[in-house]
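Reading through the structure tokens given below for one structure.
The values are calculated or read from the model by the stated rules, or taken from the named source; none is laboratory data. These numbers were taken from a predicted model, which means no experiment stands behind them. Glycine gets a Cβ as well: all are built from the backbone with ideal geometry, and neighbour counts include every protein chain shown. Ligands, DNA and RNA are excluded from the accessible area calculation, which covers all protein heavy atoms including side chains. Shrake-Rupley method; radii C 1.70, N 1.55, O 1.52, S 1.80 Å.
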Amino acid sequence: TASGNQVRLEAGSESTLRAHASSGAVFDDQDMFLSLTNTTSNGFRQHSDQGSVKLNSNYGIKVRDDLETRFYLSGNIIEQDLPGTLSREDALNNPGKANPAQVKGDQKRDIRSLRLSNKTAYTLSNTQTVEGGVFLNRKDLFHPIFAVVDQESTDYGGFGTLKGSYTLGDYANRYRAGFTAQAGTVDARLYTNVRGSRGTLIGDADQQAQTHNAFAENHFYVVPTVALVTGSQLTWAQ
């Protein structure tokens, strides 16, 4: 449904520039969409420069009338200088100032991330559909603050859903059931902050987490505009 090719340029104060380009197309039983945005700004405060490049794209295939699949790819490069908090006096009288400690430690927040996912839908009948998907997300965080937070994380998971409808006598009934499962690991390191660079290693942890959900819900329409909804969910996390 994208409206063809688009290019947009924006400019503002504090050397703010944004360039955006996107394109979408449909061909045979396939379609695609791609957008890329680049933003830079000096900010109105000292030590508040920022820049980002963001990619969003997806590619869909209609394998046959009852089966469709779509792939998603997104990525981010984000760099942000942090000006920090100010005293009330400075905030009122010198709001463009940065906290001296933030400048000395060159405090900032830089992120590199990439996400790949897929969603597939299969139509069992006119009233019943199965959907499933998986995702993988990779992120690097470089975050000099009071210390240098340096993390590499990987998250992954999947989901499955069955939904449909039928009639019980003169009453309409809709249902939905499924599961979600996700897990992740973080290589979390902490260094002393030497003017925004890694100093001595003071922390090194391997972090792991996972969460799994199973759920079911039912909508029984007592009358066409009023439904009795029942549901349950089981969650396990570690």
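Do we find a residue being of a type in the set (A, V, I, L, M) and closer than 28 Å to residue 192 by Cα anywhere in the stretch 69-77? Steps first, please.
Residues of the stretch 69-77 that are of a type in the set (A, V, I, L, M), as a first pass: 73, 77.
This time we only want the ones that are closer than 28 Å to residue 192 by Cα, so: 77.
The answer is yes; a qualifying residue exists.
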Give 52, 35, 41 a once-over and let me know the one that is under 19 Å from residue 116 (Cβ atoms), touching a strand residue (DSSP E or B) at 6+ places or on another chain (Cβ under 9 Å) and open to solvent by less than 60 Å² (accessible area, probe 1.4 Å). 35
Looking at (1) surrounded by fewer than 17 Cβ atoms within 10 Å (Cβ to Cβ); (2) farther than 22 Å from residue 120 by Cβ, find the lone condition where residue 86 falls short. (1)
Taking the stretch 15-32, which residues are modelled with pLDDT of 95 or more and open to solvent by 80 Å² or more (accessible area, probe 1.4 Å)? 17, 18
If I ask for residues that are assigned to a strand (DSSP E or B), under 23 Å from residue 116 (Cβ atoms) and of a type in the set (Val, Ile, Thr), which ones from the stretch 1-32 would you list? 26
If only one of 119, 54, 108 is farther than 30 Å from residue 23 by Cβ and at pLDDT 95 or above, which one is it? 108
Every residue from the stretch 214-235 that is surrounded by fewer than 11 Cβ atoms within 10 Å (Cβ to Cβ) and either among the aliphatic types (A, V, I, L, M) or more than 13 Å from residue 176 (Cβ to Cβ) (or both): 222, 223, 224, 225, 226, 229, 234, 235
Name the single residue that is nearest to residue 151 (Cα to Cα) among those in the stretch 214-238 being in a loop (DSSP other than H, G, I, E, B) and over 24 Å from the mean Cα position of the chain (by Cα). 225
